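Please treat every number below as a calculation from the coordinates, not as lab data. Fair warning: this is a prediction, and the values are worked out from it, not measured in the lab. Quick reminder, even Gly has a Cβ in these numbers, built from the backbone with ideal geometry, and neighbours come from all protein chains shown.
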Amino acid sequence: MKQMNVRAADKKINTKGTMGRLFRFMKPYRIRIILMVACLVMGAVFTTQGPYTLGRAMDALVAVAVDSAGVLQGFRTFITVLIQLGCVYVLAFLFNYSGQYIVAGVAERHLLPGADAAPQGGAHNA
């Protein structure tokens, strides 16, 4: 019994042919896939930028607490960095959402090929 499993595992895998078929299958979706990868990379960049900007906001807040001479200027810096932080997280959300939306669109078109067609029967035809 064990020898049969060993022989089945010794079977050669045609990696080059498999990758060729995969790339031929993905050819109609290549623009969407490139756009999805770009969106997800930018989303990752902005997501990792968030903690850095948050650190800058904390530094600005500590500078206000330590240096009481320029409190108004310190709070302006703090508010500016908080606005930047909000923009960073909004951009991260938008890029990540866009990338996932594109992936879902490609998956839906492939997995549900009849999804683009008009519904058949029911109350909508009246």
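Could you work out how far apart the two model spin labels at residue 65 and residue 44 are, taking each label as a point 7 Å from the Cα in the direction of the beta carbon, and quote it in nm?
3.5
Residue 103 to residue 82: extension gain in nm, 0.36 nm per residue of separation minus the Cα-Cα distance?
Residue separation times 0.36 nm, minus the Cα-Cα distance, leaves 4.4 nm.
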